[in-house]
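Worksheet: the structure to be examined is printed underneath.
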Amino acid sequence: QQPVQSPQAVILREGEDAVINCSSSKALYSVHWYRQKHGEAPVFLMILLKGGEQKGHEKISASFNEKKQQSSLYLTASQLSYSGTYFCGTSTPAAGNKLTFGGGTRVLVKP
Amino acid sequence: DAGVIQSPRHEVTEMGQEVTLRCKPISGHDYLFWYRQTMMRGLELLIYFNNNVPIDDSGMPEDRFSAKMPNASFSTLKIQPSEPRDSAVYFCASSPGQGGNNSPLHFGNGTRLTVT
């Protein structure tokens, strides 16, 4: 079952912060985050495994709350290069650990 | 490392024609995935292979779709006959692990298919 991402879109000024959420109705094994720029392929950002860990990539970090079956991606002091569509991908033991992607969150960072 | 290579980048065909999409994964990656991306349904997993063997094809929409991986460095996704609703961007991705575990997916640049 597809995870649910929110918000669907966000517009930021350079330097502002944003949070993208990813929720699942099923117990999760891992959460992946990818960024896709228009006309390009999704690019891997980070993986979080169950255990509530946090990770970072540039000034982008994420957390994973296993109990709540959700993950959040934090864009801190956003840069123009952060613009794109962010996808979370989730895996569950029941689904054989296949990666299922959410509908995406469009992020536009303006000067 | 050349990354995942897909061909063609763009394909325009008429309804009823056969379409073949090609993918060369990153050398040494044991897993290969075919995804389809549309505005309506987002990124959908169609099928994935482990060591050239199809593991899960439950995402393949209908019998018109078939995928093969004759060796570790080549995979094809075939649509026969094609229909306008097959229009989408098709991505191939490879991974050293199953992807659902702690292995990232490396995506190719995709094939944009338009069926008229």
| said: Looking only at the stretch A:90-111, filter to residues that are within 8 Å of chain B (Cβ to nearest Cβ) and part of a strand (DSSP E or B); which one of those is surrounded by the most Cβ atoms within 10 Å (Cβ to Cβ)? | reply: A:S91
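Residue-by-condition table, conditions (1) assigned to a loop (DSSP other than H, G, I, E, B); (2) in contact (Cβ under 8 Å) with a residue 24 or more places away in the chain:
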residue: A:G15; (1), (2): yes, yes
residue: A:N21; (1), (2): no, yes
residue: A:R35; (1), (2): no, yes
residue: A:G39; (1), (2): yes, no
residue: A:M46; (1), (2): no, no
residue: A:A62; (1), (2): no, yes
residue: A:S71; (1), (2): no, yes
residue: A:A77; (1), (2): yes, yes
| query | surrounded by fewer than 16 Cβ atoms within 10 Å (Cβ to Cβ) and at pLDDT below 95: does that describe A:S25? | reply | yes
| query | Could you list, in sequence order, the residues of the stretch B:4-28 that are closer than 11 Å to B:C92 by Cβ and part of a loop (DSSP other than H, G, I, E, B)? | reply | B:V4, B:P25, B:I26
| remark: In the stretch B:5-27, anything open to solvent by 60 Å² or more (accessible area, probe 1.4 Å) and within 18 Å of B:A72 (Cα to Cα) is listed as B:I5, B:R22, B:K24, B:S27
| request: Pick out, from the stretch B:54-116, the strands (runs of 3 or more DSSP E) lying fully within it that include 3 or more residues that are in contact with a strand residue (DSSP E or B) (Cβ under 7 Å, 6 or more places away or on another chain) and surrounded by 21 or more Cβ atoms within 10 Å (Cβ to Cβ). | output: B:74-79, B:88-95
| remark: Scanning the stretch A:65-89 for residues that are small (G, A, S) and open to solvent by 10 Å² or more (accessible area, probe 1.4 Å), the one farthest from the other protein chains (Cβ to nearest Cβ) turns out to be A:A77
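The values are calculated or read from the model by the stated rules, or taken from the named source; none is laboratory data. Just so you know, these numbers come straight off a predicted model, no measurement behind them. As a convention, Cβ positions derive from the backbone with ideal geometry for all residues, glycine included, and neighbour counts pool all protein chains shown. To get the accessible areas, we keep the full protein, side chains included, count just its heavy atoms, and leave off ligands, DNA and RNA. Shrake-Rupley method; radii C 1.70, N 1.55, O 1.52, S 1.80 Å.
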